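Novice: Following this message is one structure expressed as structure tokens.
The values are calculated or read from the model by the stated rules, or taken from the named source; none is laboratory data. These numbers come from a predicted model, not from an experiment. Cβ coordinates were reconstructed from backbone atoms using ideal geometry, including for glycine residues, and neighbour counts include every protein chain displayed. Please note that ligands, DNA and RNA were not included when accessible areas were found on the heavy atoms of the full protein model with its side chains. Shrake-Rupley method; radii C 1.70, N 1.55, O 1.52, S 1.80 Å.
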Amino acid sequence: MSRLRHGSVVPQLESLLRERIRAGRWASGERLPSEVRLAEELGVGRSTVREAVRLLQRDGWLVVRHGSGTFVADEPSGAADVHDLLRRARLLEAFEVRRALEVEAARLAARRIRPEDVQDLRERLRVRQERIGGDPQAFVEADLEFHQAVVELSGNAVLAGLYAAARPVLRPALVDLVVHESDLPDMSYAHADLLSALERGDAEAAIDATVEHLDAVLTLIRTEAAG
């Protein structure tokens, strides 16, 4: 029996069910166990099963026939390929927005940061590092908190407002990235370089660290979307 780890449950359950379909646990056209049975087997709530099934139905892996049950789609792999392309397109757009906002924020923050701000950033970075490999949502939230703080240190209220407005779009896209992209590079060193550059007041180095961080992920997304 497969059990889920602590943390964000729906993405884990979605991935688990998708892997079972890929492995042939249920053949094309076969009916899945009932919502109640899956919930009991996996130790989750029925609402969690329902949401994971909804996501898999949206992506073409499952077909829900009201009154009959949930069935594996006839050609789930092809639907998954299309979904992956669309998902990466959304990720690409989200990271292009991040890059536009965070590069300028890093430049301004390096010029305007105060000594007392450095310790706060260091603490936010510590929390981010502690959450690597854990719950994807908790990690993404800590990562965004660090970058939001950098943007706010730019001293530009409009820039900070734009970033805050973008966070509801960025958050699910980034969680999706962490959950699905096994080749996602660990850019911890670039975050440390950014903090160091800000502490020194080195605007060019702060920009370089921000670009290195975001461009590494952008390259991954563009490569996989093209391939």
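Novice: Out of (1) under 13 Å from the mean Cα position of the chain (by Cα); (2) open to solvent by less than 50 Å² (accessible area, probe 1.4 Å); (3) of a type in the set (Val, Ile, Thr), what's the single condition that is false for ILE132?
Specialist: (2)
Novice: Within the range 109-128, count every residue that is under 23 Å from PRO185 (Cβ atoms), surrounded by fewer than 17 Cβ atoms within 10 Å (Cβ to Cβ) and without any contact (Cβ under 8 Å) to a residue 60 or more places away in the chain.
Specialist: Count: 2.
Novice: I've got another one for you. Assess whether ALA192 counts as being closer than 21 Å to GLY133 by Cα, open to solvent by 30 Å² or more (accessible area, probe 1.4 Å) and modelled with pLDDT of 95 or more.
Specialist: It is true that ALA192 is closer than 21 Å to GLY133 by Cα, open to solvent by 30 Å² or more (accessible area, probe 1.4 Å) and modelled with pLDDT of 95 or more.
Novice: Could you please let me know if HIS6 is modelled with pLDDT under 90 and over 26 Å from the mean Cα position of the chain (by Cα)?
Specialist: Taking the combined requirement at face value, the residue does not satisfy it.
Novice: Just to be sure before I move on: is VAL97 among the β-branched types (Val, Ile, Thr), more than 26 Å from THR219 (Cα to Cα) and either at pLDDT below 90 or not in a helix (DSSP H, G or I) (or both) in the structure I sent?
Specialist: no
Novice: Another one. Which of the residues spanning the range 156-178 are open to solvent by 60 Å² or more (accessible area, probe 1.4 Å) and either without any contact (Cβ under 8 Å) to a residue 24 or more places away in the chain or closer than 25 Å to ARG126 by Cβ (or both)?
Specialist: Once the filter is applied, which keeps residues that are open to solvent by 60 Å² or more (accessible area, probe 1.4 Å) and either without any contact (Cβ under 8 Å) to a residue 24 or more places away in the chain or closer than 25 Å to ARG126 by Cβ (or both), the range 156-178 yields ALA157, VAL158, ALA165, PRO168, ARG171, PRO172.
Novice: How many of the residues in the range 44-71 are open to solvent by less than 50 Å² (accessible area, probe 1.4 Å), within 12 Å of LEU13 (Cα to Cα) and in contact with a helix residue (DSSP H, G or I) (Cβ under 7 Å, 6 or more places away or on another chain)?
Specialist: Number of matching residues: 7.
Novice: Residue pairs, Cβ under 6 Å, 6 or more apart or interchain, first in the range 202-227 and over 16 Å from ARG98 (Cβ atoms), second modelled with pLDDT of 90 or more and of a type in the set (Lys, Arg). List them.
Specialist: So the pair list comes out as ALA203/ARG107; ALA203/ARG111.
Novice: Sticking with this structure for a sec: Can you give me the number of residues within the range 53-67 that are modelled with pLDDT under 90 and either in a helix (DSSP H, G or I) or of a type in the set (Phe, Trp, Tyr) (or both)?
Specialist: Number of matching residues: 6.
Novice: Residue by residue through the range 16-43, note down the ones that are open to solvent by 30 Å² or more (accessible area, probe 1.4 Å) and in contact (Cβ under 8 Å) with a residue 12 or more places away in the chain.
Specialist: Within the range 16-43, LEU16, ARG22, ALA27, SER28, GLY29, GLU30, ARG31, SER34, GLU35, GLU41, GLY43 meet the criteria.
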